[in-house]
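Asks: I am attaching a structure below and will ask some questions about it afterwards.
Just so it is clear, none of the values below were taken in a lab; they were calculated from the coordinates. Computed from a predicted model, the values in this text were never measured in an experiment. Cβ: placed from backbone, ideal geometry, glycine included. Neighbour counts: every protein chain shown.
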Amino acid sequence: MSRRILITGASIAGTTTAWWLIQHGFEVDVVEHAPSFRDGGQNVDVRGNAREVLRRMGLEELAFDHSTHERGTDWVAEDDSVVARFEAADSDTDHGPTAELEIRRGDIARIIFEAVREKATFRFGDSIADVVQTGNGVNVTFACGRDDFYDVVVVAEGVGSHTRELLFPGENESRWMDLTIAYFSIPSLPGDSAYARQFNTIDGRGATVKPSRDGKLGVYMGIQKKPEGENDWSVERQRSYIQKQFANDGWEFPRILAAMQNVNDFYFDVLRQVHMDRWSNGRVVLTGDAAWSPTPLSGIGTSLAMVGGYVLAGELAKTEDVATALAEYERAMRPFVKQGQNVSKLVVRMLWPHSTVGITLLRGALRLASTPIVRKVINNGFARDSNAIDLPDYGTKVLKLEIKA
């Protein structure tokens, strides 16, 4: 009889884990608090070994079909003139500011979801209310009142995971990155660039607009500051806060703020890493951002999520001893995660200046960095190393799952 596994969280980490568990013959249920599958979201990078995971899934080509085709990254002045340009094609390692495969979070999650939805059981609008572990499994009570029994429970939720705090209370030591971010999409215009554009103004404020799909631009607005509980505010208060912070600025901000009033994908976050001394407790295990969120500053958060799901499923398939499998999963992933979380807050402060002098110094440094010799170095080392793990081969043959574009 196949082992039953419950995954909570139906985004990239959860769907990837489900896909590979199915390949290994497990019976998989996925529960998601959101009432339906969540599309859209900010652009993410799929790099290095995560590309190899996609390739082994037979999904890399489909992912490229849904990419944003971002050509590179420009730092720009207030009149939108280019201060420094970093072409994606100039990187030999795919570690530059723009990855070869840039794709919206919801698009890559949707691709994997569609590939596995007929094989796993997905239930939206529900969540875990309680867990009781026994010697041979886990009794789970859901918020809807339903009870069920599983061999393993995988928590693949986000950085603020409710289930992690329920089952690992007080164990997360957040590392705050002193950057408050709002993400959303606005309509694109005919003259918009095929390059991501980053603009900085004073007081640690700035924004990036990135080419997306379906006539949209991805917008990232940020403020370099210490956290003051903004992540606990209501969405209305968060949106009002961003409006007030940028209300008197030039560049693209009037257009961005006007469009922001009507967006339905507004997402606000105070960036923090998740640091856990352990990722498992008996038969309950964490993966993805719930276990180790490196924040988008690392450039490899999606790659870590996908590789983590692949390794976790593979290790569970290697042995019926759950404790051994989870220990091997953690042993394999810890060094990769440590490298991905190695992001200095000093770099954040330098890239989000607070004064006109700081902006002048940043732009001078960027001009130097964009010269041919230095640009090559930057493009080969901007993001954390997405190949900092030897990807195991767990010996599965890819099943022919129906994929819906």
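Asks: Assess whether Arg283 counts as being charged (D, E, K, R), in contact with a Lys or Arg (Cβ under 7 Å, 6 or more places away or on another chain) and under 28 Å from Ala13 (Cα atoms).
Replies: For Arg283, the condition - charged (D, E, K, R), in contact with a Lys or Arg (Cβ under 7 Å, 6 or more places away or on another chain) and under 28 Å from Ala13 (Cα atoms) - is not met.
Asks: Also, I was wondering about something else. Does Ile181 qualify as being loosely packed, with under 15 Cβ neighbours inside 10 Å and within 30 Å of Phe86 (Cβ to Cβ)?
Replies: no
Asks: Let me ask something additional. Looking at region 115-140 only, could you name the residues that are under 29 Å from Val53 (Cβ atoms) and either in a strand (DSSP E or B) or free of Cβ contacts under 8 Å to residues at least 60 places away in the same chain (or both)?
Replies: Answer for region 115-140, where residues must be under 29 Å from Val53 (Cβ atoms) and either in a strand (DSSP E or B) or free of Cβ contacts under 8 Å to residues at least 60 places away in the same chain (or both): Arg117, Thr121, Phe122, Arg123, Phe124, Ile128, Val131, Val138, Val140.
Asks: A further question follows. Could you give every pair whose Cβ atoms fall below 7 Å, whose first residue belongs to region 244-263 and is touching a residue at least 12 places away in the same chain (Cβ under 8 Å), and whose second residue is among the hydroxyl-bearing types (Ser, Thr, Tyr), counting only separations of at least 6 or pairs across chains?
Replies: Asp249/Thr201; Val263/Ser185
Asks: Of the residues Glu230, Glu252, which single one is among the acidic types (Asp, Glu) and farther than 18 Å from Gln198 by Cα?
Replies: The unique qualifying residue is Glu230.
Asks: Another one. Is there any pair with a first residue in region 153-170 that is charged (D, E, K, R) and a second that is crowded, with 20+ Cβ neighbours inside 10 Å and part of a loop (DSSP other than H, G, I, E, B) whose Cβ atoms are under 9 Å apart and which are 6 or more apart or on different chains, and what are they?
Replies: Glu157/Gly9; Glu157/Ser11; Glu157/Gly288; Arg164/Glu157; Arg164/Asn172; Arg164/Val274; Glu165/Asn172
Asks: Could you tell me which of the residues Gly41, Gly48, Gly25 is on the phi > 0 side of the Ramachandran plot and over 20 Å from the mean Cα position of the chain (by Cα)?
Replies: None of the others qualify; the one that does is Gly25.
Asks: Conditions: (1) part of a helix (DSSP H, G or I); (2) among the charged types (D, E, K, R); (3) touching a helix residue (DSSP H, G or I) at 6+ places or on another chain (Cβ under 6 Å). Glu52 meets all but one. Number of the miss?
Replies: Failing condition for Glu52: (3).
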